Each structure stands twice: as C-alpha cells, then as structure tokens.
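Peer 1: Let me begin by handing over the structure; questions about it come next.
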Amino acid sequence: MTQIVQRKLLIDDAVPYAQTIFGHLGKVMTLPGREINAEAVKDIDALIVRSRTQVNAELLADSKVSYVGSTVVGLDHIDQDYLANTQRHFYSAQGCNANSVAEFVIHALILLAEQENFDISTKSLGIIGVGHVGKLLHAKAQALGVTCLLNDPPRAKQEGNQGFVDLEHALQADIISVHTPLTFSGADKTYHLINSEKLALLNPQQILVNAARGGIIDEQALLQTHLKAKITDCWENEPNINPELIEQSFLVSPHIAGHSFEAKLAGSTMVYHDLCSFWNEPQKNDWQQKLPKIPKAITVQNAENWQKGLFYVLQKTHLIQNDDQAIRHNPSNFEGYRRNYPTHHEWHKQQVKVTKNQKLNCILQKLNFQLIG
Ligand SMILES: NC(=O)C1=CN([C@@H]2O[C@H](COP(=O)(O)OP(=O)(O)OC[C@H]3O[C@@H](n4cnc5c(N)ncnc54)[C@H](O)[C@@H]3O)[C@@H](O)[C@H]2O)C=CC1
Ligand SMILES: O=C(O)C(=O)[C@H](O)COP(=O)(O)O
C-alpha cells in the first residue's frame, strides 16, 4: 500500500493564523523570520515568509522547497532570478498592505497638522511611486482636499506622461511621500533616489515621509537637511536604526505602516489561495469565523472643525503616537515591538456615528469609514 507522505510547510511566525489557514495542507512549522535558515528548510516543501527572511541560493540550495510565498509586498528579500532558474514557484502578495500604508501616512499627516496647527487641505503632496500604495494615498489625500503631484517614471513610460510630473517638480510639494520599491539597478533604480542633490532642492517648510524602504532616501544626506518634519517608518540598516534620525524625526515607527490586521491577513490569504492552486487543493475558509469582531462604533466628540473631528476618529482607531514611543527612547525594541504589534483595524472596518459636521461626514465616507445613523 502506498504511504501518503505529508507535505511540510515552514511559515514565518509573524504570519497571522498560519496554522489555522494552512494547517489542512500539511504539517505546519513556524519560526521567527530571521531564524529561517538552510537547516530549517532542508526537508520543507513550501516556504512562506515575510520580509525578514532572505530567500536565495544560500537558503534553498540544499532544500527540496518547490514553493515560496511572500506574504508582503517588498521584493528586496527575494532572489527571484534564482527561484525562476531553479524552477521554484514564487508568489508575492502584491498590494496586500497598500491600504494600511496609505492610512498610516494620512494619519501621521493629520497628527502633524493638528500639532503644528495647519489645515492639511491647504497643502500639496508629492507622491513618488504611484502603485498600489501611491494610488490609494492619492485618493485619500484628494478626499481631504490636498493637491497631489504624481511621480512615477516607469508608469509614465508605459502609460504616457499625462497626470505625472518629473521628480524635481514633485519635490516642490509641501509634503513628499515615497512609495517606490527599493531597487539597485535599471534606469529607474531607487536606491538613494532622494540623494543629497535632490534634498538640496527642499526648503525648511517641507515635510518628508518614508513609509516605503530605508535607502530610497540617503539617510546621511537627510541628517544634513533641515525640514519642517520628517516622518520615518522605514530605515537604512533595520533594526539598527540611526539615533540621530530618530531625534530629527517628528514621528518614528518601526516599519509598521503595512501592519494593520487586515493587511497581514490579506497577505496570508493571498498566499494561501495561490498555494492551494499550486497544489491543486480545495480552499477551506472556515477559519474566517474565528476572526476578531469589529471594534465598537466611534462617536465624534469634536465636530465643529472637520480636521479636528477626523483626528479624533483616527486616534480612536489606533494611537500612532504609541508606535513612536515604542522605539523613540528604546530603538532596540524595533523588532520586538513589530513582532508583537498591537492589532489595529483599517478604516473600512470602523463604524462612526454620523456627526453634526456634513463636511466631516463626507470625508469619513470618502475615507471608507462605515457611517451609521
Ligand atoms: N512600510 C511598510 O510597512 C510597507 C512598505 N512597502 C514598500 O512600499 C513599496 C511600494 O508598495 P506598492 O505601492 O504596493 O508597490 P507597487 O509595486 O504597487 O508600486 C510601486 C510603484 O513605484 C514605481 N516606481 C518604481 N521605480 C520608481 C522610481 N524610480 N521613481 C518613481 N516611481 C517608481 C513603480 O512604477 C510602481 O508604480 C514596496 O515596494 C515596499 O518596498 C509596502 C508595503 C508596506
Ligand atoms: O510589505 C512590505 O514590503 C513591508 O514592508 C511589510 O510591512 C513588511 O512586513 P514584515 O515582513 O516586516 O512584517
């Protein structure tokens, strides 16, 4: 009688619901992403990672891994050529956390606007990289009345220049937010894209946001650049982040812009669906009944000013300042905090009671909050 050999899956332990979602496909083992090494993957069939595992020949050469799934968006931890050349199937959950990042940027900017006492709708926003995240950020910023300048040369080459501006033009915006991948080669490589020459174009009234990747902005040059505010979620040399940049930043966070509950779950389920089809296995979705209940409705206390009302609502969904406090005076907490990141839900999961302020109600709706009677 032929013995059915159970498939083995090794999954980064930061992948939520790993056992619940993937358990029916085989024997699931989990490890912290940074501890997934050649020894751990030797006898594994499917490897499912987040960003903290370098997937390359060094990791896989002696393994029988035939499937690699990445439950995050960035690809700088994956040697895709090696996987293709060794006939290993690769899937990346592109776009899974875009909404989370866009919400993070808007929330950080509203916090800044409230603390610096300006109306965000009077500002312009330069979005460098207009893919999944950039498009959603554009839509949310427009909902707030922000004028956006869009820079994305690869898209402009494909689609035509209509609607796009060049980098120097985008860098004239009051607020600049980078949302490109980190790439080291090619005509549009992004490593140090915002270098000392580009930073020299900026003035002390401008705001610079990095919730994409450390290295897109030259950090050493950034330290010499005086700006109204630096908002830093992504750093060079993570988790050993630069204390001077912490000091200079209005808001710091340990690379968690994409860490909403829905984003992490989307990454897992997108890889799960791909693995099921790769192994020609029927999907089982009964785990969805085990998801946390949505938070209770928010009642706005301060609606006379739409921006103050929005700030109140955003703070009820997630205290972004906690992400700052978690590392500002204790940078060594960078990995620990993100591995145990407190659950927060995306705005489309949040109910808000209709307020007296029609403009606020309209903005909340455009930002995908659930407005209830
Ligand atoms: N902080 C966090 O937690 C997260 C960070 N990220 C990072 O953000 C990046 C963007 O995410 P998505 O929007 O989902 O990726 P995406 O691939 O959908 O969009 C990236 C966009 O950047 C454009 N681009 C590439 N090179 C460029 C250049 N030199 N100048 C301007 N635009 C350029 C591309 O054409 C594309 O439209 C990811 O590659 C990842 O590194 C993504 C999710 C979470
Ligand atoms: O998707 C990406 O790219 C990101 O930057 C994710 O936020 C990375 O998440 P972790 O793998 O660092 O949990």
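Every read-out reported here was derived from the displayed coordinates using simple, explicitly stated rules and does not represent laboratory data. Since the structure is predicted, the reported quantities are computational estimates derived from the model, not experimental observations. As a convention, Cβ positions derive from the backbone with ideal geometry for all residues, glycine included, and neighbour counts pool all protein chains shown.
Peer 1: Going Cα to Cα from LYS230, which aspartates and glutamates come in below 16 Å? Please leave out same-chain ones fewer than 8 positions away.
Peer 2: GLU114, GLU116, ASP174, ASP218, GLU219, GLU244, GLU247, ASP323, ASP324
Peer 1: Right, another one. Within the set of other residues whose C-beta is less than 12 Å from the C-beta of LEU202, count the net charge using Lys and Arg as +1 and Asp and Glu as -1.
Peer 2: Values: positive: LYS198, LYS228, LYS230; negative: GLU168, ASP174, GLU197.
Counting the neighbours of LEU202, the net charge comes to 0.
Peer 1: While we're here: Which entries in the list LYS64/LYS284; LYS308/LYS353; LYS316/LYS359 go over 23 Å, if you measure between the two C-alpha atoms of each? Don't skip to the end; give the middle numbers.
Peer 2: Working: LYS64/LYS284 26 Å; LYS308/LYS353 16 Å; LYS316/LYS359 19 Å.
With Cα atoms farther than 23 Å apart: LYS64/LYS284.
Peer 1: Sort 232-243, 112-123, 52-63 for me by packing, meaning the mean count of neighbouring Cβ atoms within 10 Å per residue, highest on top.
Peer 2: Values: 232-243: 19.1, 112-123: 15.1, 52-63: 17.2.
Averaged packing, sorted descending, gives the order 232-243, 52-63, 112-123.
Peer 1: Can you check what the net charge comes to around LYS157, using other residues whose Cβ is under 15 Å from the Cβ of LYS157 (Lys, Arg +1; Asp, Glu -1)?
Peer 2: Details: positive: ARG155, LYS189; negative: ASP152, GLU159, ASP166, ASP188.
Its environment carries a net charge of -2.
Peer 1: If you don't mind, there's one more thing I want to ask. Obtain the radius of gyration and the Kirkwood radius of the chain from its C-alpha atoms and give Rg over Rh. It would help to have the intermediate numbers written out before the result.
Peer 2: Working: Rg = 21.5 Å, Rh = 21.9 Å.
Over the Cα atoms of the chain, Rg/Rh equals 0.98.
Peer 1: Sticking with this structure for a sec: DSSP loop (so not H, G, I, E, B), at most 11 other Cβ within 10 Å: list which chymotrypsin sites (Phe, Trp or Tyr not before Pro) in segment 130-224 pass both filters. If you can, show how the numbers build up before the last one.
Peer 2: On the way: sites: PHE164, PHE184, TYR191; in loops: PHE164, PHE184, TYR191.
Those that pass, being in a loop and sparsely packed, are PHE184.
Peer 1: To continue, here is another question. Going by how many other Cβ atoms sit within 10 Å of their own, how do TRP279, TRP287 line up, fewest first?
Peer 2: Values: TRP279 15, TRP287 18.
Least crowded to most crowded, the residues run TRP279, TRP287.
Peer 1: Please report the antiparallel percentage of DSSP beta bridges with both residues in segment 102-252, rounded to the nearest 5. Could the numbers behind the result be given before it?
Peer 2: Values: 0 of 20 bridges.
Of all bridge pairs located within segment 102-252, approximately 0 percent are antiparallel.
Peer 1: Mind computing the radius of gyration and Dmax over the alpha-carbon atoms of segment 260-310? Å is fine for both.
Peer 2: 18.4, 56
Peer 1: In addition: In debye to the nearest 20, how big a dipole does the chain give about its Cα centre with +1 on each Lys and Arg Cβ and -1 on each Asp and Glu Cβ?
Peer 2: On the way: 34 positive and 38 negative charges, 292 e Å.
Approximately 1400 debye in magnitude.
Peer 1: What value does segment 102-252 have for Rg/Rh, both radii from Cα atoms and Rh as Kirkwood defines it?
Peer 2: On the way: Rg = 14.4 Å, Rh = 15.4 Å.
Ratio value, two decimals: 0.93.
Peer 1: Same structure, new question: Would you mind checking which residues have amide H under 5 Å from ILE48's amide H? H placed 1.01 Å from N; only 5 or more apart, or other chain.
Peer 2: Distant-sequence amide H within range of ILE48: LEU10, ILE11, ASP12, GLY69.
Peer 1: Turning to a different aspect of this structure: Taking the chain as the reference, fit the longest principal axis to its C-alpha atoms, fit the long axis of helix 261-278 to the helix C-alpha atoms, and give the angle between the two in degrees, 0 to 90, nearest 10.
Peer 2: Once rounded, one gets 30 degrees.
Peer 1: In the neighborhood of GLU238, defined by Cβ-to-Cβ distances under 10 Å, what is the net charge if each Lys or Arg adds +1 and each Asp or Glu adds -1?
Peer 2: On the way: positive: ARG52, ARG213, ARG338; negative: GLU236, GLU335.
With Lys, Arg at +1 and Asp, Glu at -1, the neighbours total +1.
Peer 1: Compute the helix-to-body angle for 132-143: its Cα long axis versus the longest principal axis of the chain, expressed 0 to 90° and rounded to tens.
Peer 2: That helix lies at roughly 30 degrees to the long axis.
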